[in-house]
Structures are given as C-alpha cells and as structure tokens.
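See structure below.
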Amino acid sequence: MTHTKFRLVDIIKYVSLLIGVFVVLFPPYVVVVNAFKSTDEFNSSSSMSLPKSFLNFDNFVAVFQRGGLLSGFGNVLVIIIITLTLNILFGTMVAYVLGRFSFKMKPVVFGAYLVATIIPSITTQVATFGIIKNMGLYNTLGAPIVLYIGADVIQIILYLQFIRNIPVDLDESAMVEGASLFKIYRSIIFPLLTPATATLVILKTISIYNDMYIPYLYMPKQSLGVVTTILMRFQGVNSGEWNLICAAILLILLPTVILYFFLQRYIFEGVTSGAVK
C-alpha cells in the first residue's frame, strides 16, 4: 500500500513537471516555427506545424526594413544607458546617506520612497502626463528616462543590505587619513557595492527593455519607437502579420536571453549575499 502511494506521488510529480515544461516551452516554440514562414504558408498551415524551411529569412529582413527594428534597438539602448547611470548614482548615494548617518528626517525620507511605491501608478498617470508635457519632454527620449529614474525603493533596499555589511571601521580609518565624505563614498563604498550594482543593472535593463506602456504613451513619434512598440507596426485594426510579429519577437528576445544566461548568477548573488553576513 505504501509502495503504491509513493508511486502515485511520483507520477503526479513528474506529470506536473511535464505540464510545467510544456507551458514554458510552447509559446517560444510557436514563435520560432512561425518566424520562418511566409505569409501564404502561415495562412495555409497550422500555427504549430514546422516551416518548410528554417532558411527563410525574409521576415527578419522585413522587420528591420519596414519596422525599423535597428532604430528601436538604438533608442532603447540610449534610454537604458542613461537611466542605469543615474539610477546607480542616485541609488548608491541615497543608500549611503540612509545607511551611514542618523538624522531626524531619516524615517521621513525612507517613508517617502515607500509611499511612492505603494501608490498605484495608474492613479497618477493624468498628473504625470501633464508634468512630462509641461517639462517639454513629451515625444522625446527624456520622458521615459525621467520616469524610469523615479523613486525605486527596491534599489534602495538592495544597496542598504550591502552597506550595512560594510564595516564602519573603514569609514573611520579613512576619516583619520583626512578623507572627505564624498571621497569615502567614491573610494570605499561605491566599489564595494559592485555585486548589488550588477544585480540592479540586470533587473532594470530587462524591465526597461520589456516595457511597452511608457514608450507607447509618451513617445508616439515614429522615429522614437523602441523594440516593444515596433511590434505594433505589424498589427492592424482587424488583423496582423503574425509571421512578421513572431520574427520580431524572436529578434527582440535574443539580447535578453543572452544577457540572462551570461549574468544570471549575479542576480542570485546580489539578492542573497547582501542579506547574509
């Protein structure tokens, strides 16, 4: 009876794993096989069937020529580089102040970040849109950059975990040598925050790269399209060129997949090592 029970548990476990694998791999499979189909082949065959040839690259050429994917990659790269630079600077500086100094307004400052995170962003979109437009940033790359570098309590907490594990004796020794607070931050604190910075870079890059809402709302100009909004150029009111959309999705996925495979260990190390002494 016990043997039968364990066998049933094993069967349920492996069936669950197989279902999970299918759920994860089925969408990429559909994207890959349809990315190599011509329009006629896509319309006349099942979306799950293999293409006649995996050497048909016409869809990929069309994505670059008609969709302007190269320009989309350039725009999103500029946004990511500027946003990450400012996020790292602001995040490390705020965490340095909150983690190393005691002052009356400290709970208020940290609470302001928490409140900004708790408020649903959708409820403030009208006001946010008005501010961006009055700043003259509407339909410019500056609009998403300003919004992406806004209050992010996650990065503050991530940096605080690391700063609290950096011995205060290092700061005191540097002060004895005559180092200023800014020099301590630049020469001691900032370099020791490299694992947390690597984690922030990966998570923030993927978040910005995959975001469609902000670029679509604040940068409708054709020349300012990013990789996510370019997909909409192949979608009409009543129909879409799904073979081209699949080709575009496949090209857009490649950078994030490569980034994740090469740097995934930093995500786990950065999130966990800061919490353990």
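By the scheme Lys and Arg +1, Asp and Glu -1, what is the net charge of all other residues having a beta-carbon under 15 Å from that of Val30?
Every neighbour counted, the sum reads 0.
Which of Gly150, Gly72, Gly20 moves most in a GNM of the chain, Cα contacts under 10 Å?
Among Gly150, Gly72, Gly20, the largest mean-square fluctuation in the Gaussian network model of the chain belongs to Gly20.
By the gyration tensor of its Cα atoms, with a ≥ b ≥ c the square roots of the eigenvalues, what is the shape of the range 1-151: rounded for a/c under 1.5, prolate for a/b over b/c, or oblate?
Oblate shape, in that a/c is at least 1.5 and b/c is the bigger or equal ratio.
Around Tyr218, under 14 Å between beta carbons, what's the net of Lys plus Arg minus Asp minus Glu among the other residues?
So the surrounding residues net to +1.
Count the net charge of all other residues whose Cβ sits under 12 Å from the Cβ of Tyr159, scoring Lys and Arg as +1 and Asp and Glu as -1.
Neighbourhood net charge equals +1.
Just one of [x] 21.4, 65; [y] 23.5, 73; [z] 24.2, 77 is Rg and Dmax of the Cα atoms in Å calculated from these coordinates, so which is it?
Of the listed options [x] 21.4, 65; [y] 23.5, 73; [z] 24.2, 77, [z] comes from this structure.
By how many degrees, 0 to 90 and rounded to 10, does the Cα axis of helix 242-273 deviate from the longest principal axis of the chain?
Taking the Cα atoms of the chain, the angle to 242-273 is about 30 degrees.
Under a 1.4 Å probe, what is the accessible area of the range 69-194 per residue, stated in Å²?
In whole numbers, the range 69-194 has 56 Å² accessible per residue.
Taking all protein chains as present, what is the carbon and sulfur share of the accessible area of the chain, in % to the nearest whole number, probe 1.4 Å?
71
At what distance in nm do the modelled label points of Phe190 and Glu41 sit from each other, each positioned 7 Å from its Cα along Cα→Cβ?
Using points 7 Å along Cα→Cβ, the separation is 5.3 nm.
Lys183 to Lys133: FRET efficiency via 1/(1 + (r/R0)^6), r the Cβ-Cβ distance, R0 51 Å, to the nearest 0.05?
0.80
In this model, which of Lys106/Lys133; Lys106/Lys183; Lys133/Lys204; Lys133/Lys183 are farther than 29 Å apart at the alpha-carbon?
Lys106/Lys133; Lys133/Lys183
The values are calculated or read from the model by the stated rules, or taken from the named source; none is laboratory data. Here the structure is a predicted model, which means the values were calculated and not measured. Virtual Cβ from ideal backbone geometry, glycine too; neighbours counted across all protein chains shown. Surface accessibility is based on the protein's heavy atoms, side chains included, excluding ligands, DNA and RNA. Shrake-Rupley method; radii C 1.70, N 1.55, O 1.52, S 1.80 Å.
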